[in-house]
């Protein structure tokens, strides 16, 4: 159970790629080789987590409410559910540290965002089917960016 005093840090082995500005992104867990697609709300929360600009449920839900014009109650409930899902997928860890780092992300304004949907993470195991040894029919070692 998530308490009010907990802070969260993202897994270093989670590679983040924003596909559509402020609307959709993908997380690739480089340990498990699972990838997770994130909608706009989940992308916003992940960017705050990853940058360290917001690491508690209260900070995250405040940012979610402000960005999407949600009630504080809705934002907190959705943020808690999102964090629980990240914890289950081992994409974040709990910490008592309160250190903050500089933000490396540009955060959207309300007019940049689509219509609000609860933060969602969709998991796929498809990456496990990729042959990392270089015998893929997709072009050998270049299939994952290792080629020229």
Check your understanding: Just to be sure, is residue 64 over 19 Å from residue 123 (Cα atoms), modelled with pLDDT under 90, surrounded by 16 or more Cβ atoms within 10 Å (Cβ to Cβ) and touching a helix residue (DSSP H, G or I) at 6+ places or on another chain (Cβ under 6 Å)?
Key -> no
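For region 3-34, which positions are out of contact with any strand residue (DSSP E or B) (no Cβ under 8 Å at 6 or more places or on another chain) and in a loop (DSSP other than H, G, I, E, B)?
Going through region 3-34, the residues out of contact with any strand residue (DSSP E or B) (no Cβ under 8 Å at 6 or more places or on another chain) turn out to be 3-5, 12, 20-23, 31-33.
Of everything in region 3-34, those that are out of contact with any strand residue (DSSP E or B) (no Cβ under 8 Å at 6 or more places or on another chain) and in a loop (DSSP other than H, G, I, E, B) turn out to be 3, 4, 5, 12, 21, 22, 23, 31, 32, 33.
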Per the list (1) surrounded by 15 or more Cβ atoms within 10 Å (Cβ to Cβ); (2) modelled with pLDDT of 90 or more, residue check on residue 108 breaks on (2)
Any chance residue 70 is buried (at least 16 other Cβ atoms within 10 Å of the Cβ), part of a loop (DSSP other than H, G, I, E, B) and at pLDDT 95 or above: yes
When residue 45 is run through (1) closer than 19 Å to residue 123 by Cβ; (2) not in a helix (DSSP H, G or I), the failure sits at (2)
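The values are calculated or read from the model by the stated rules, or taken from the named source; none is laboratory data. Owing to the predicted nature of the structure, the values given are computational and were not obtained by experimental measurement. Don't worry about glycine lacking a Cβ; one is built from the backbone with ideal geometry, like all the others, and counts go over all protein chains shown.
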